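Input: a single structure, listed below in structure tokens.
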Amino acid sequence: MRTSQFKRIGTATGVAVAVVATALMPLAQATEATAQIVAAPALELPFFCETSWVGNSKGSSAHVSYEIDFNKSGTSGNEDLGEPIHAAAAGTVVREGGESSDYGYFLEIDHGGGYTTLYAHLNSKSAHDGDVVSQGEEIGTLGNTDGNSSGISAHLHFEYRYNGTIKPASFHGDPFDYATGIETYVSQNCAASVNRPSRSVNGDGFDDAIGVDPAGVAWFYRGKSGGGFTAALRHGPGWGDFSRIAVNDSNADGWADLWAVSGDTLYYWHNRTDGTFAASHEVGPGWSAMEWISFTDVNGDDKADILARDGGNMYLYTGRGAGAFSSRTLVSSGWASLLRHTAADADGDRDGDIWATNSLGELYFWKRNNGTYATAVKVGTGWNAFRQMVSMDINGDTKADLVAIRTSDNTLWQWLGTGTGTFSQATPIGSGWTGFDLAVN
């Protein structure tokens, strides 16, 4: 299997042949051919920026030409169900189908000049007939819908067409390897992906959570379309001696790193951009004195910062990348009555907003705008019934959500964000959280 990083240059031979053929055509035909060449879209992989995907053109008996089935690298079965699908090129949706069609839920996008791309077996559609979409815009989610069968595993069926005929596809200038029928790509479809998920351990469009069980074993829970988490993935033992474990992106690479406090010292684990982590190193001492800390991108540079409460003062430690932070600056005072806080981007404007609860269980929201925080707004009550409140974009819509454990029965609940600092009605998403700690975020 060949992994491409999109650094290969297209063959000069193909260009030369095209030029000679044009030279031998009558003028009208040459003009038409030139127009067709110009009109051909420069396709990007139809997945989130910098995620890795395996394409297979020979694995299905239903394939008759240059179709490609994609699955996320390292997944099997339906593990990548609900992953976001992004437009491979800009265009207009000209055809869509329902769940009972031969393709299940599908979309076809017209890119002009007779060129279209088709995305099939979707789990959901966020674009529809007549919609104009930009390259990299999310148009749906990966699924397993099919009008002819109810037993297919999740994948994206992709077709690149010219005047209705399926043609060989290239992504970021790299032709798919139809000779072997398998190729692994790393997506460079980043035009509309500037708002990176800050807490995605596996580099997709959804923030992830980390929980530590009573035995000190850490588990990852991946966010997914519509909210909730996939099945737990074991990270490893030895986390019982750490407190205030945090998940966030230190390096603006779209892959969440880890921090945790042991004793008085803050430690950092770098994500190797494949969901695994390098050995820890010390960030610095002085963290046991902090009553509460939260990690978020406050200033919009895609690097995690820290908001820490020391007594009644809230301080900002600006991230410098590689797990490091600048000296603290005072955000404001008057925080002593607020027992816990969490921070994330409420509205997709790429800065860190704050939520905090008081002793009465009231939830307050501070929106950040133009480098300062607005006056607090009360957005909820009843939070004394919940512990381990965490903010994150669990469903990938760029609006922060809340996740918390209900103390009475140790069930896990989510509140999906509305984009205004408020949340939709709480829904349960898990049970069996007795003795678990969630990352602070």
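Here are the numbers:
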| quantity | calculated |
| --- | --- |
| Residues of segment 398-428 that turn out to be on the phi > 0 side of the Ramachandran plot and buried (at least 20 other Cβ atoms within 10 Å of the Cβ), as a count | 1 |
| When residues of segment 255-270 are limited to those that are small (Gly, Ala, Ser) and free of Cβ contacts under 8 Å to residues at least 24 places away in the same chain, the one surrounded by the fewest Cβ atoms within 10 Å (Cβ to Cβ) | 262 |
| Options 357, 342, 407, 398: the member that is touching a helix residue (DSSP H, G or I) at 6+ places or on another chain (Cβ under 7 Å) and within 26 Å of residue 219 (Cα to Cα) | 407 |
| Qualifying positions in segment 319-334 - closer than 19 Å to residue 373 by Cβ and under 23 Å from the mean Cα position of the chain (by Cα) | 319 |
| Candidates 55, 98, 82 - the one that is modelled with pLDDT under 90 and either closer than 26 Å to residue 230 by Cα or open to solvent by 20 Å² or more (accessible area, probe 1.4 Å) (or both) | 82 |
| Counted residues, segment 283-292 - those being in contact with a Lys or Arg (Cβ under 6 Å, 6 or more places away or on another chain) and either of a type in the set (A, V, I, L, M, F, W, C) or not in a loop (DSSP other than H, G, I, E, B) (or both) | 1 |
| Strands (runs of 3 or more DSSP E) completely within segment 152-254 that count 1 or more residues being of a type in the set (Ser, Thr, Tyr) and open to solvent by less than 10 Å² (accessible area, probe 1.4 Å) | 182-186 |
| Qualifying position, being surrounded by fewer than 18 Cβ atoms within 10 Å (Cβ to Cβ), outside any strand (DSSP E or B), among the polar types (S, T, N, Q) and touching a residue at least 24 places away in the same chain (Cβ under 8 Å), among 395, 384 | 384 |
| Subset of segment 293-311 [free of Cβ contacts under 8 Å to residues at least 60 places away in the same chain, in a loop (DSSP other than H, G, I, E, B) and closer than 15 Å to residue 441 by Cα] | 303 |
| The listed residue being modelled with pLDDT under 95, closer than 18 Å to residue 293 by Cα and open to solvent by 50 Å² or more (accessible area, probe 1.4 Å), out of 330, 339 | 339 |
| Residue in segment 427-435 that is in contact (Cβ under 8 Å) with a residue 24 or more places away in the chain, more than 18 Å from the chain's Cα centre (by Cα) and more than 24 Å from residue 216 (Cα to Cα) present | yes |
| Test: residue in segment 235-246 that is touching a residue at least 40 places away in the same chain (Cβ under 8 Å), touching an Asp or Glu at 6+ places or on another chain (Cβ under 8 Å) and at positive phi | no |
| Condition check for residue 60: of a type in the set (Gly, Ala, Ser), at pLDDT 50 or above, over 17 Å from residue 184 (Cβ atoms) and surrounded by 13 or more Cβ atoms within 10 Å (Cβ to Cβ) | yes |
| Selection count where residues are at pLDDT 95 or above, within 26 Å of residue 96 (Cα to Cα) and polar (S, T, N, Q), scope segment 164-200 | 2 |
| Residue within segment 268-282 that is outside any loop (DSSP other than H, G, I, E, B) and under 26 Å from residue 138 (Cβ atoms) present | yes |
| Of all residues in segment 101-123 being among the small types (Gly, Ala, Ser) and touching a Phe, Trp or Tyr at 6+ places or on another chain (Cβ under 7 Å), the one that is surrounded by the fewest Cβ atoms within 10 Å (Cβ to Cβ) | 114 |
| Single unsatisfied condition, residue 351 versus (1) farther than 24 Å from residue 286 by Cβ; (2) at pLDDT 95 or above | (2) |
| Whichever residue in segment 294-317 is touching an Asp or Glu at 6+ places or on another chain (Cβ under 7 Å) and farther than 19 Å from residue 261 by Cβ and, among such residues, is surrounded by the most Cβ atoms within 10 Å (Cβ to Cβ) | 298 |
| Scope segment 429-441; condition aliphatic (A, V, I, L, M) and surrounded by fewer than 20 Cβ atoms within 10 Å (Cβ to Cβ); matching residues | 429 |
| Residues being modelled with pLDDT of 95 or more and polar (S, T, N, Q) - total across segment 249-275 | 2 |
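The values are calculated or read from the model by the stated rules, or taken from the named source; none is laboratory data. Please read these numbers as outputs of a predicted model, since none were measured by experiment. All Cβ positions, glycine included, derive from the backbone under ideal geometry; neighbour counts span all protein chains shown. When the accessible area is computed, the model is the full protein with side chains, heavy atoms only, and any ligands, DNA or RNA have been set aside. Shrake-Rupley method; radii C 1.70, N 1.55, O 1.52, S 1.80 Å.
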